[in-house]
Amino acid sequence: MPMETVLLVRTGILLFEERVIVLVIGGGGREHALCYALQRSPSCDAVFCAPGNAGISNSGHATCIPDLDISDSSAVISFCRKWSVELVVVGPEAPLVAGLANDLVKAGIPTFGPSAEAAALEGSKNFMKSLCDKYGIPTAKYQTFTDLSAAKQYIQDQGAPIVIKADGLAAGKGVIVAMTLEEAYQAVDSMLVKGVFGSAGCRVIVEEYLEGEEASFFALVDGETAIPLESAQDHKRVGDHDTGLNTGGMGAYSPAPVLTKELQSAVMETIILPTVKGMTAERCKFVGVLYAGLMIEKKSGLPKLIEYNVRFGDPECQVLMVRLESDLAQVLLAACRGELSGVSLNWSPGSAMVVVMASKGYPGSYEKGTVIGNLEEAQNVAPTVQIFHAGTALDADGNFIATGGRVLGVTAKGRHLQEARDRAYQAVEEINWPEGSTAGTLDGEHFPRSNLLQENKLTLRLSSSLFPPHIAPLPKPGCLLLPQLSLPPILPSDLPLKKMTSTTAQVHILAAPGFSSPYSTKPTTLSPRTVFFSQGIVIKTTPLNLSISPPPPRFDVSTHAKGNPTGEQNGPMKVQ
């Protein structure tokens with residue numbers, strides 16, 4: 001059955017608007033965010049999600065079909081025909097690599113997601129690397145091995161640190177950054193001899209270790225044309241202060257200022273577009289979203305491709321979808337039809353942040369079936385808060401329970417990153433889930449310096465780790481002199497009651513307009529009046545006297561706004 005066409009009359013102009021029913025494949029937080037955006041699309045009549053989860057169903061963002069076997073292409077095709085589905089959006093990578101998109105397209109059902117051949121960009125790191133070699137796409141130097149002794153010899157020749165990767169899909173666990181030769185040898189042993197990743201690790205890539213800052217880049221592709229999405233950045237480590245094991249992602253924010261307009265242009269010209277053209281030349285056109293994992297190399301400042309994913313990132317998708325203001329259904333249909341060249345995307349101003357709540361113990365073993373309460377109260381903290389469900393179900397009493405590692409994505413928008421963060425954590429605090437936890441690291445400390453930049457503001461952090469970043473005003477253009485700087489009023493909630501009379505600390509200038517890099521003070525003894533800490537609240541504080549070294553450049557608001565910061569300031573500067 002063809003999609004319905006509705007004739008609209010607006011100010012005397014006749015417009016045709018397609019009405020479409022959409023099926024989203026998957027059941028995690030990414031898929032919930034896609035359902036949320038599709039349900040808001042003016043042209044979308046209905047959204048199905050298979051298998052979905054209890055949170056998606058309860059939110060009203062989609063009708064979940066838990067009994068539809070998404071590994072059975074014929075079952076999915078039959079469902080689409082029965083319910084007049086005119087667009088399928090495939091969320092996770094496994095169905096794509098298995099060829100679901102091939103079968104749907106062959107059946108005449110528009111599908112956003114690459115064919116199995118094109119999904120090899122994620123399904124085989126060797127395929128991706130070979131494509132980079134052939135079409136001049138910048139990436140880390142590498143060699144591919146199936147022979148253990150040859151791999152170890154190459155590792156010995158290259159030295160450490162070095163990166164070992166399983167060739168195939170390994171649930172995000174197939175990359176080991178080896179800081180010593182012994183760690184590298186153990187990594188190839190585990191893959192080639194012990195088979196810890198099964199067939200995914202029967203071939204390994206040994207790759208040059210790159211120094212720099214990681215970034216993520218997303219682009220929609222229709223086979224010929226690519227258009228960039230807004231920037232987003234995720235946070236992988238499970239522990240406080242960027243420690244602990246890597247995870248699927250414990251939070252994300254958008255935009256990510258590390259990806260400047262200049263860098264975005266460079267990524268499109270040197271990485272994304274050559275990939276799209278190369279895939280077409282290899283007779284496996286790519287239709288879907290390209291998610292490029294990048295390293296902004298320290299030596300050159302230029303982007304290099306680390307890896308490709310062939311689907312939206314999770315949890316980056318969550319912050320992108322709450323900021324997207326365009327009709328997602330029509331945008332994805334345009335990609336399926338090869339019509340992206342005429343599409344432009346609209347995004348809400350400001351920032352968005354998602355904080356992932358995970359079961360305690362994740363990414364290791366964790367308890368399932370724990371009850372989660374107060375979700376409605378958390379959702380109502382602010383109109384811009386949206387809670388996406390990744391691993392929830394309902395128990396016999398109708399309570400939400402946790403069924404996975406990453407369980408909730410508490411997302412919020414704000415005028416800037418700090419406001420988005422505050423709203424997200426206010427919602428987190430409302431949720432009653434003793435067995436849940438967050439990374440506790442989305443406090444600005446682990447974001448690049450540019451992410452903390454606010455107009456006419458200076459962002460500081462004490463290296464004593466007692467204090468979160470503190471934003472202080474710049475008194476006037478052309479000057480970085482602060483007449484008074486007081487310690488921030490909020491401290492980590494787990495600090496014991498104690499009395500501090502003096503301490504030695506260092507203040508880091510994390511961000512200020514016109515700065516090209518962070519600056520730090522020399523270690524300084526702080527001798528405040530008596531300061532009491534109780535339940536994480538500073539009862540009394542005092543101004544600090546600090547000398548900044550090296551001196552930051554002089555800052556002028558008018559010239560910086562035009563992208564032309566002035567020269568260096570001579571001599572030390574005082575923060576009083």
Looking at segment 29-38, can you tell me whether even one residue there is outside any loop (DSSP other than H, G, I, E, B), without any contact (Cβ under 8 Å) to a residue 60 or more places away in the chain and among the hydroxyl-bearing types (Ser, Thr, Tyr)? no
Quick count over segment 361-381, residues being buried (at least 16 other Cβ atoms within 10 Å of the Cβ) and within 24 Å of ALA412 (Cα to Cα), is 6
Of the residues that make up segment 322-333, is at least one β-branched (Val, Ile, Thr), under 24 Å from the mean Cα position of the chain (by Cα) and at pLDDT 95 or above? yes
Does VAL356 count as at negative phi and either touching a Leu at 6+ places or on another chain (Cβ under 9 Å) or open to solvent by 20 Å² or more (accessible area, probe 1.4 Å) (or both)? yes
Hey, can you tell me all the residues within segment 114-130 that are open to solvent by 10 Å² or more (accessible area, probe 1.4 Å) and not hydroxyl-bearing (Ser, Thr, Tyr)? ALA116, GLU117, ALA120, GLU122, GLY123, LYS125, ASN126, PHE127
Wholly inside segment 195-273, strands (runs of 3 or more DSSP E) that include 3 or more residues that are modelled with pLDDT of 95 or more, within 20 Å of MET179 (Cα to Cα) and β-branched (Val, Ile, Thr) are 204-208
Which of (1) open to solvent by 30 Å² or more (accessible area, probe 1.4 Å); (2) at pLDDT 95 or above; (3) touching a Lys or Arg at 6+ places or on another chain (Cβ under 8 Å) does THR139 not meet, given it meets every other one? (1)
Based on this model, can you work out whether ALA151 counts as crowded, with 22+ Cβ neighbours inside 10 Å and either farther than 27 Å from ILE272 by Cβ or at pLDDT below 95 (or both)? yes
So LEU294, is it at pLDDT 95 or above and surrounded by 17 or more Cβ atoms within 10 Å (Cβ to Cβ): no
Restricting segment 26-66 to residues that are touching a Leu at 6+ places or on another chain (Cβ under 7 Å) and of a type in the set (A, V, I, L, M, F, W, C), which is surrounded by the most Cβ atoms within 10 Å (Cβ to Cβ)? VAL47
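The values are calculated or read from the model by the stated rules, or taken from the named source; none is laboratory data. Here the structure is a predicted model, which is why all the values come from computation and not from measurement. Reconstructed Cβ throughout: ideal geometry from the backbone, glycine too, with neighbour counts over all protein chains shown. SASA here: full protein model, heavy atoms, side chains in, ligands and nucleic acids out. Shrake-Rupley method; radii C 1.70, N 1.55, O 1.52, S 1.80 Å.
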